[in-house]
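Asks: Below you will find the structure I want to go over with you.
Quick note: the coordinates plus some simple rules give every number you see, no bench work behind them. None of these values were measured; they are calculated from a predicted model.
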Amino acid sequence: MAKKAKKQTARGRKQDRARVASGQGHEVRYEARKAGKSAGSVKKAVKKVGNSRKRVEQRLGSTMKKSLGTRPPR
């Protein structure tokens with residue numbers, strides 16, 4: 001008989017969103033685009049300050065929330 005899946009809680013998802021997984025390409029690209037920096041600089045920031053999204057954003061200098069849907073005019 002198949003094992004019954006555990007019910008997911010909001011706590012687990014919230015904790016996951018508070019971290020930057022430097023091994024996950026899509027998370028690194030998202031954070032790099034959000035901060036206007038390179039993926040390499042995001043990985044260096046994670047290595048330096050840990051994987052807390054808040055500390056990584058502070059390290060990258062992206063404390064302001066930016067819209068990902070629009071680009072600045074050229």
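Asks: Which lysines does residue 14 reach when only Cα atoms under 20 Å apart count, and residues fewer than 8 places away in its own chain are ignored?
Replies: Straight-distance partners of residue 14: 6, 34, 54, 65.
Asks: What list of ³J(HN,Hα) values in whole Hz, one per residue of the stretch 4-19 in order, does the Karplus curve 6.51 cos²θ - 1.76 cosθ + 1.60 (θ = phi - 60°) give from phi, with Gly and Pro shown as x?
Replies: In residue order, the calculated couplings are 6, 6, 6, 6, 7, 10, 5, 4, x, 5, 5, 5, 5, 6, 7, 10 Hz.
Asks: What are the ³J(HN,Hα) values, in whole Hz, obtained from phi via the Karplus relation 6.51 cos²θ - 1.76 cosθ + 1.60 with θ = phi - 60°, for each residue of the stretch 30-45 in sequence order, with x given for Gly and Pro?
Replies: Each residue's phi maps through the Karplus curve to give 4, 5, 5, 5, 5, 8, x, 10, 8, 5, x, 5, 5, 4, 5, 5 Hz.
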